[in-house]
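What follows is a single structure, written as structure tokens, with notes after it.
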Amino acid sequence: KLAMEFPSEDIFLMTTSPVIKAITNFKQVSKTLEEFDVEEQPSSLLEKRYPNIKVIQSGVKQLKSDEHKIFTEDGKEYMYEKLCLCAGAKPKLIFEGNPYVLGIRDTDSAQAFQKNLAQSERIVVVGNGGIALELVYEIHGCEVIWAIKDKAIGNTFFDAGAAEFLIPKLTAEKRETPIECKRTKYTMEGSEEKERHRAASDKPGSALGPDWHEGLCLKGTKEFSHKVHIETLCEVKKIYLQQEFIQLQRTSLTFPKEEKNVEPDEVLWPVYVELTNGKIYGCDFIVSATGVVPNVKPFLDGNYFAVGEDGGLNVDKHMRTSLPDIYAAGDICTASWEPSPVWHQMRLWTQARQMGWYAAKCMVADTLGESIDMDFSFELFAHITKFFNYKVVVLGKYNAQGLGLDHELMLRCTKGQEYVKVVMQNGRMMGAVLIGETDLEETFENLILNQMDLSAYGEDLLNPDIDIEDYFD
């Protein structure tokens with residue numbers, strides 16, 4: 001965007017990675033929903049396309065904002081007129097520096113994981129965001145103990161109802177036949193926003209795209225397909241290496257066949273995990289997929305940035321940080337403007353792309369002294385992804401984030417086929433979760449955006465015999 005607007009200006013892109021992430025197969029699904037693949041490409045392709053872009057492969061050592069200077073790891077310095085920080089986020093590893101704890105964040109760590117998995121009989125997965133969900137579903141031929149701190153899987157993206165809908169897929173060897181659709185309506189105990197979505201590794205790399213597991217053969221040593229045991233409401237208390245565990249003289253457990261089964265394990269494992277619920281499991285290695293923290297460290301020293309509660313650099317509605325001529329976009333920043341009632345920040349690829357594009361527009365407008373309106377993508381939170389091979393669309397305050405107890409949920413579920421949940425407040429739709437091929441995303445997007453009073457429709461809103469799209473087209 002910057003290169004197109006200022007063809008005669010020099011634009012430097014600083015990155016520690018030899019490759020850049022490019023968006024391919026972009027598809028605008030609806031007003032706010034977009035689908036795309038993320039592909040790694042050599043940086044020379046970008047330089048070829050835009051001759052005024054120069055890619056500098058080096059990390060940033062220091063930022064001197066008062067001098068408008070950047071110092072890189074390779075000992076060079078660069079002056080800037082305007083600077084945009086897009087350094088992403090760093091994985092939150094449960095235990096730093098343990099060789100048996102593997103984070104997944106970038107392509108290198110995904111490949112390291114694949115290699116380790118090929119020799120493994122059992123692994124422990126810790127975390128409950130998007131990466132953990134995908135991992136657990138994609139792994140074959142290896143026992144998985146999945147430790148989550150919530151009551152239900154996938155807490156970042158949906159509620160316990162959606163989790164129940166998805167769980168049969170974890171153990172299914174064959175496709176289930178859909179059974180009769182049930183519709184219910186209920187109100188919720190207040191739910192807070194939980195940990196953020198994304199993955200982990202011991203170094204910051206460029207984050208994985210939405211289809212990171214495609215083309216990776218995630219197979220362990222065993223012949224069976226899925227074997228997943230979920231330990232809920234717990235976290236990792238301690239990790240023991242084999243020798244430490246032997247000296248402890250404590251008992252670890254076999255893979256549970258039924259919930260009641262707690263037999264001691266005779267096998268010696270390379271590493272052991274003690275959970276806060278008191279159980280100990282041995283395994284080949286541990287995957288830490290416990291979210292991320294904004295990667296602000298290289299920029300804070302000597303610069304007085306305003307920093308958000310989640311550790312990101314505060315940005316205003318023009319993506320400006322608190323320091324002159326410095327902007328930020330993506331996972332490193334914290335949106336500190338007054339958001340639309342149905343938008344919230346979440347550290348996802350879709351939002352990083354939107355913020356980067358919008359930040360460039362703001363830098364252009366500021367340079368030319370023009371005014372600019374807030375980008376439409378910040379009107380409504382909208383994300384489309386795939387979990388357990390189902391299409392998943394989340395819109396607005398899909399988990400009633402910030403709505404307090406003053407809301408109700410309406411639900412329609414056909415086992416093995418679709419799960420539809422809408423969040424209603426004062427007769428207006430505030431959010432929705434759509435799993436499966438529901439074809440409702442555009443209609444619901446419009447209903448949330450125009451805040452129409454839907455009280456008159458009551459539960460017919462989700463009646464499968466009524467074509468809701470015709471109603472509101």
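The values are calculated or read from the model by the stated rules, or taken from the named source; none is laboratory data. Just so it is clear, the structure is predicted and the values come from calculations on it, not from any experiment. Neighbour counts are summed over all protein chains in view; Cβ atoms, including those assigned to glycine, are modelled from backbone coordinates with ideal geometry. Remember, those area values only see protein heavy atoms, side chains included, never the ligands or the DNA or RNA. Shrake-Rupley method; radii C 1.70, N 1.55, O 1.52, S 1.80 Å.
A few points about this structure:
- Two-site FRET efficiency, D439 against L268, from Cβ-Cβ distance with R₀ of 45 Å, rounded to 0.05: 0.30
- Which listed pairs, of K238/K317; K149/K386; K237/K391; K149/K227; K21/K257; K76/K317, have C-alpha distances above 31 Å, in listed order: K238/K317; K237/K391; K21/K257; K76/K317
- In this simple spin-label approximation, K115 and E370 carry label points 7 Å from Cα along the Cα→Cβ vector, and these lie 4.9 nm apart.
- In this Cβ point-charge picture (+1 for Lys and Arg, -1 for Asp and Glu), segment 1-79 has a dipole of about 80 debye about its Cα centre.
- Filtered GluC sites (Glu not before Pro), segment 367-419: DSSP coil and at most 10 other beta carbons within 10 Å: E370
- Of the residues L300, S322, I372, the one whose Cα sits farthest toward the positive end of the charge dipole of segment 234-382, with +1 on the Cβ of Lys and Arg and -1 on the Cβ of Asp and Glu, is L300.
- Exposure rule at most 11 other beta-carbon atoms within 10 Å, DSSP loop chymotrypsin sites (Phe, Trp or Tyr not before Pro): the chain longest free segment: 1-223
- Toward the positive end of the charge dipole of the chain, with +1 on the Cβ of Lys and Arg and -1 on the Cβ of Asp and Glu, the farthest Cα among N98, I145, V228 is that of N98.
- Fraction of beta bridges assigned by DSSP in segment 1-135 that are antiparallel (%, nearest 5): 75
- For segment 314-366, convex hull volume per residue from C-alpha positions, Å³: 72
- Segment 75-151: trypsin sites (Lys or Arg not before Pro) in DSSP coil with no more than 13 other Cβ atoms inside 10 Å: K76, K151
- Here the label points at T251 and H68, each 7 Å from Cα along the C-beta direction, are separated by 7.1 nm in the simple model.
- Assuming charge only on the beta carbon of Lys and Arg (+1) and of Asp and Glu (-1), the dipole of the chain about its Cα centre is about 1160 debye to the nearest 20.
- Once the 1.4 Å probe is applied to the protein heavy atoms, segment 1-107 comes out at 58 Å² accessible per residue.
- Global form of segment 18-169, assessed from the alpha-carbon gyration tensor, a/c cut-off 1.5: prolate
- Carbon plus sulfur fraction of accessible area for the chain, probe 1.4 Å, in percent: 49
- Gyration tensor verdict on segment 235-291 (Cα atoms; rounded if a/c is under 1.5, prolate if a/b is larger than b/c, oblate otherwise): oblate
- Shape class for segment 370-422: oblate, because the ratio a/c of the largest to smallest gyration tensor axis (alpha-carbon atoms, square roots of eigenvalues) is 1.5 or more and b/c is at least a/b.
- Computed magnitude of the charge dipole of segment 9-158 (debye, nearest 20; Cβ of K, R +1, Cβ of D, E -1): 220
- With protein chains left intact and a 1.4 Å probe, residues in segment 378-459 average 33 Å² of accessible area per residue.
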